[in-house]
Amino acid sequence: MKPISINRAILIGLPILLFSGAAMAAGLPWEKPLETLQKSLTGPIAQSIGILAMAVSGGMLAFGGELGDFTKRIMMVVLALGVMMFAATFVTSLGFPAAGS
């Protein structure tokens, strides 16, 4: 295999760098939907849903009696998702900056 020459590397690499820089300046197409999703997951509605999910799933796990294995796993997933949704707003309310800021 023949090594690539410096001239060929520059001819190939320079347009890639120029076009990728122009694309980054214009903004990537998925930035706006991700920002909207971040705002949705860290707002007051997300905090309310997180608290409600933790309360319901925690109550079912604590007082549910003989729940099936599948039901227990689903409640644990709901509890974990509730903690994750509430944690983002809780940490932000403590004064720490949000991850996207």
Scanning the range 30-64 for residues that are modelled with pLDDT under 85, touching a helix residue (DSSP H, G or I) at 6+ places or on another chain (Cβ under 8 Å) and of a type in the set (Ser, Thr, Tyr) gives Ser40, Thr42
Taking the range 68-101 as the search range and keeping residues that are touching a helix residue (DSSP H, G or I) at 6+ places or on another chain (Cβ under 7 Å) and outside any helix (DSSP H, G or I), which one is modelled with the highest pLDDT? Ala98
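The values are calculated or read from the model by the stated rules, or taken from the named source; none is laboratory data. Everything quoted here is computed from the prediction, not taken from an experiment. When we count neighbours, we look across all protein chains shown, and the Cβ atoms used for this are built from the backbone with ideal geometry, even at glycine.
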